[in-house]
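Every number here is computed from the coordinates shown, using simple stated rules; none is lab data. Keep in mind the model is a prediction, meaning the values are calculated, not measured. Note that each Cβ is placed from the backbone with ideal geometry, even for glycine, and that neighbours are counted across all protein chains shown.
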Amino acid sequence: MKIGVFDSGLGGLTVVRAMTEVIKGAQIFYVADTKNAPYGEKTPEQILQYSLNITKYLINTHEIDALILACNTATSSAIKELREMYPSLIIIGTEPGIKPAIEQTTTGKIGVLATPATLQGDKYKQLTQALSMQKSVDIYEQACPGLVEQIEKGEIDSEETQALLEKWLLPMRENNVDTIVLGCTHYPLVSQHIENIMNCNVSLIHTGNAISRHLLSLGTQKGHFNEGDLQVHIHTTGTIQIQIIDSIIKKYENIHFIEIENN
Ligand code: DGL
């Protein structure tokens, strides 16, 4: 199976890391669109166009059988159109894990950290509306502008990043939030800091494992055997922090710089 995966940058590698624990006998072609990052502060139209261009590249150059949108923001703006355009391709998106958070919380108070574009999107609003009918919980939504840039700059442990996280998280701590949804695939890269600020009294929800199991199930239905080596090829459209890649993924074949045409 050839699997295309994309995100605006390093974040989607947290999904690839989960995939490497489940998927065997496949090739992963990862695109980090760092030239256009962050997606979360772009318009839905721009994000859709980036997503279409990358998907065309992955289909034309790598002949992928499956596409993973390892980005909540791109899923919100583009998955519907991509599914309409490529009905025979396996397409899996990433959505904030509100459902598992609602199931797990004991205080009935959950936090959601996501990009501005994800929180403003119709998909997120429909998801929270449908789920809040099942159980009454208080949801503390927090857009995190600037956090993706900090991570992409390699500033995971900087004072500025710490100050941003404290500003967003201390109100959640005071309000007894016990479960936080990481609604952007970059945010698991600062999960240690989030846990520290919340005094470790928090469950963090991210959906990389669920996406990987779903991919395995759909791939198996289409004849994938899940045996043998897994290869990961990383492509980037701009600069990227290699030491962060190395801290996320144990083994990858290469890093290629690519230009993605607007077509
Ligand atoms: N990692 C992405 C997400 O899950 C995109 C973040 C961004 O570029 O703003 O939303």
- Item | Options PRO116, SER88, CYS71, ranked by Cα towards positive dipole end of segment 64-131, top entry (Cβ charges) | PRO116
- Alpha carbon convex hull of segment 184-263, volume per residue in cubic angstrom: 170
- Message: Quick check: from the Cα gyration tensor, does segment 9-93 come out rounded (a/c under 1.5), prolate or oblate?
- Response: oblate
- Task: Would you give the gap between the C-alpha center of segment 139-160 and the C-alpha center of segment 80-107, rounded to a whole Å?
- Result: 23
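Kindly work out what percent of the DSSP beta bridges joining two residues of segment 1-101 are antiparallel, to the nearest 5.
Once the DSSP bridges in segment 1-101 are tallied, antiparallel ones form about 0 percent.
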- Item | Test item: Cα-centred dipole of segment 38-116, Lys/Arg +1 and Asp/Glu -1 on Cβ, debye | 180
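Any idea what diffusion coefficient the chain gets from Stokes-Einstein, in µm²/s, Kirkwood Rh on alpha carbon pairs, 20 °C, 1.002 mPa s?
Values: Rh = 18.6 Å.
So the translational diffusion coefficient is about 115 µm²/s.
Would you mind computing the Rg to Rh ratio of segment 79-119 from its alpha-carbon coordinates, Kirkwood style for Rh?
On the way: Rg = 14.7 Å, Rh = 12.8 Å.
Answer for segment 79-119: 1.15.
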- Take the alpha carbon atoms of segment 191-244, find their center, do the same for segment 1-76, and report the distance between the two centers in whole angstrom. 12
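Sum -39500 (n - 2.57) across every DSSP H segment of at least 4 residues in the chain, then divide by the residue count to get the 222 nm mean residue ellipticity, nearest 500. Write down the numbers at each step before the final one.
Working: 11 runs with 114 residues, N = 263.
Theoretical 222 nm ellipticity from helices: -13000 deg cm²/dmol.
The chain: longest stretch without exposed trypsin sites (Lys or Arg not before Pro) (DSSP loop, at most 11 other Cβ within 10 Å), sites themselves excluded?
On the way: sites that count: LYS135, LYS222, LYS250, LYS251.
Answer from the scan: 1-134.
About the Cα centre of the chain, what is the dipole size in debye to 20, counting +1 per Lys and Arg Cβ and -1 per Asp and Glu Cβ, all else neutral? Intermediate values should be presented prior to the final figure.
Details: 20 positive and 30 negative charges, 141 e Å.
So the dipole magnitude of the chain works out to roughly 680 debye.
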- With the Cα gyration tensor of segment 52-159 giving a ≥ b ≥ c as the square roots of its eigenvalues, does the rule (a/c under 1.5 for rounded; else a/b larger than b/c for prolate; else oblate) give rounded, prolate or oblate? oblate
- Residue of ILE54, ILE249, ILE64 that the Gaussian network model of the chain assigns the largest fluctuation, springs spanning Cα pairs under 10 Å: ILE249
- Query: What does segment 121-263 give for Rg and for Dmax, in Å, if only its C-alpha atoms count?
  - Reply: 18.5, 50
- Query: Hey, if you put +1 on the Cβ of every Lys and Arg and -1 on every Asp and Glu Cβ in the chain, which of MET198, ILE248, PHE29 ends up farthest toward the positive end of that dipole?
  - Reply: PHE29
- Pick out, from ILE260, GLY183, THR237, the residue whose Cα sits farthest towards the positive end of the charge dipole of the chain, with +1 on the Cβ of Lys and Arg and -1 on the Cβ of Asp and Glu. GLY183
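Relative contact order for the chain: what percent, with Cα pairs under 8 Å and sequence separation of 6 or more?
Values: 488 pairs, mean separation 79.9, N = 263.
With pairs under 8 Å counted, the relative contact order is 30 percent.
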- Going through LYS2/LYS56; LYS99/LYS222; LYS42/LYS251; LYS125/LYS250 one by one, the pairs whose alpha carbons sit over 25 Å apart turn out to be LYS99/LYS222; LYS42/LYS251; LYS125/LYS250
